[in-house]
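The values are calculated or read from the model by the stated rules, or taken from the named source; none is laboratory data. What you are looking at is a predicted structure, and each value in this text was computed from that prediction instead of being measured. Cβ placement follows ideal geometry from the backbone for every residue including glycine, while neighbour counts extend to all protein chains displayed. Remember, those area values only see protein heavy atoms, side chains included, never the ligands or the DNA or RNA. Shrake-Rupley method; radii C 1.70, N 1.55, O 1.52, S 1.80 Å.
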Amino acid sequence: MACMVPPRQPEPRLRTGSPHRVLIVGGGFAGLYAAKELGRDRRVDVTLVDRRNFHLFQPLLYQVATGALSPGEIAQPLRSVLRRQRNTTVLLAEAIGLDPERRVVSFSDGGPIEYDTLIVATGSRHQYFGNDAWAPFAPGLKSIDDATEIRRRILIAFEAAEREGNPERRREWMTFVVVGGGPTGVELAGALAEIAEDTLRHDYRSIYPPDADILLVEAMGRGLPTYPPVSSASARRQLERLRVHVRTGTRVVHVDDRAVRIQGTDGTEQTIPTRTVLWAAGVLASSFVRTVAAATDAETDGAGRIRVTGELTIPGRPELFVVGDAAVMPWPGHPQVPGVAQGAIQSGRFVARTVRRRLRGERAATFRYRDRGDVAVIGRLRGVTSIAWLGPLGRQSGFIAWLLWLGIHIAYLIGFANRIVVITRWAFSFVTRGRSTRLITGSPLLPPIEHPEPPA
């Protein structure tokens, strides 16, 4: 079903005689790129507010979760990124309220900020489709905290299996279930398989890590559902070569600390004993997006994202933009702009240019998303691409897809030093088949072993 583009909104009234105040809430891809674009215009005062002091390169979060990279290698302090922009102020705060009539955003520290133009770019978090009780047993992957928690659980599982004397309990620790067959789930499952097959192969004495069972569960009929069927089929074959069990057309109906229950399309259910479940399915708009929607009576979708006009504004509120994962952005001929980094980057740049056009007295344009394609890496020398504008050449798999993935991610990683460090780390991992950031941090640091076995 094609997305209907709402009618063009009236241009907002602009103040004269003083800089135009632009408030950006959220320092992800959309917010950061909007701020960088507006930093070129002296007629604008930009305030960027985020509850974290850094920009996170989310596409590489799974590499932190699987010990390939450290958190600091995929994140950059926002103040450092924007320090050369004299018209930009960066604040560490959490937005909690909006008064659209007075054009004021309130924050948890009690300090309100006025704006002439507001850009909401607070992104999204993972959702459990009404089953929030599953969250403690199946962590998602949207933040550095999530990534280090997943890393802890993966490494703890192998440590527990090494110490556990009961074969059934040991098998529970050696079973990993990844829920969601999108890019994050596919990449996470592939990395898990490589950890078991290569990284940890010789590290233990009582267990053999390659014996780990890794299951990828996807509710739809195929993994990578936004990719062409041929790419999905290739991804499945590559995962299966890594000994990942792929279950499509299967949904999760229950999760607890000892098992996952899944249900096939025919209604049959199966219980899988496991102590490690990783969630990579579904997104939910941030709490501030829901606050904005309530304050402006904006229409939202099932995930709480705001439906915006072709100018990426809330209908009837031309001074209020919503971008990236916080919005349902129209894309003629398609349901909506996909929730990927490119969509956030392009929308952030677009709204910044729209603000500058308005300041010049020009009419705002309509947002047009350019699909530059998708690339998912499945492991060492493995991956798939979906780049429509290249035609048949855009459907690559294996080494070429893996190489494209490396280049794209290095190009968009923020910070020259981070690029050099990540390239070095990847080169070292490629040669040694190792993952140097295998640190168990957080709490608890020790697994709940029921039948401890003495060393072999």
Mind checking which residues of the range 326-351 are open to solvent by 40 Å² or more (accessible area, probe 1.4 Å) and either closer than 14 Å to ILE119 by Cβ or among the polar types (S, T, N, Q) (or both)?
GLN336, ARG349
Among the residues of the range 123-130, is there at least one that is at pLDDT 95 or above, open to solvent by 30 Å² or more (accessible area, probe 1.4 Å) and among the charged types (D, E, K, R)?
no
Inspect all residues belonging to the range 77-84 and state whether any of them is out of contact with any Gly (no Cβ under 8 Å at 6 or more places or on another chain), open to solvent by less than 10 Å² (accessible area, probe 1.4 Å), farther than 30 Å from ARG151 by Cα and among the hydrophobic types (A, V, I, L, M, F, W, C).
no
Single condition ILE414 does not satisfy, out of (1) assigned to a helix (DSSP H, G or I); (2) under 30 Å from THR354 (Cα atoms); (3) of a type outside the set (Ser, Thr, Tyr); (4) open to solvent by less than 70 Å² (accessible area, probe 1.4 Å):
(1)
What are the pairs with Cβ atoms under 6 angstrom where one residue, in the range 82-103, is on the phi < 0 side of the Ramachandran plot and the other, located anywhere, is of a type in the set (Phe, Trp, Tyr)? Sequence gap at least six, or different chains.
ALA93/PHE107; ALA95/PHE107; ALA95/PHE288
Qualifying positions in the range 190-221 - buried (at least 20 other Cβ atoms within 10 Å of the Cβ), free of Cβ contacts under 8 Å to residues at least 60 places away in the same chain and assigned to a helix (DSSP H, G or I):
ALA196
Within the range 331-339, is there a residue that is free of Cβ contacts under 8 Å to residues at least 60 places away in the same chain and not β-branched (Val, Ile, Thr)?
no
Can you give me the number of residues within the range 351-400 that are modelled with pLDDT under 90, in contact with a strand residue (DSSP E or B) (Cβ under 7 Å, 6 or more places away or on another chain) and not in a strand (DSSP E or B)?
5
In the set ASP99, ASP109, which member is in contact with a strand residue (DSSP E or B) (Cβ under 9 Å, 6 or more places away or on another chain) and surrounded by fewer than 21 Cβ atoms within 10 Å (Cβ to Cβ)?
ASP99
With the first residue restricted to the range 394-407 and required to be without any contact (Cβ under 8 Å) to a residue 40 or more places away in the chain and open to solvent by 70 Å² or more (accessible area, probe 1.4 Å), and the second required to be part of a helix (DSSP H, G or I) and not acidic (Asp, Glu), Cβ contacts under 8 Å at 6 or more apart or on different chains are none
Only one of (1) of a type outside the set (Asp, Glu); (2) modelled with pLDDT under 95; (3) within 30 Å of ALA295 (Cα to Cα) is not met by PRO167, so which one is it?
(3)
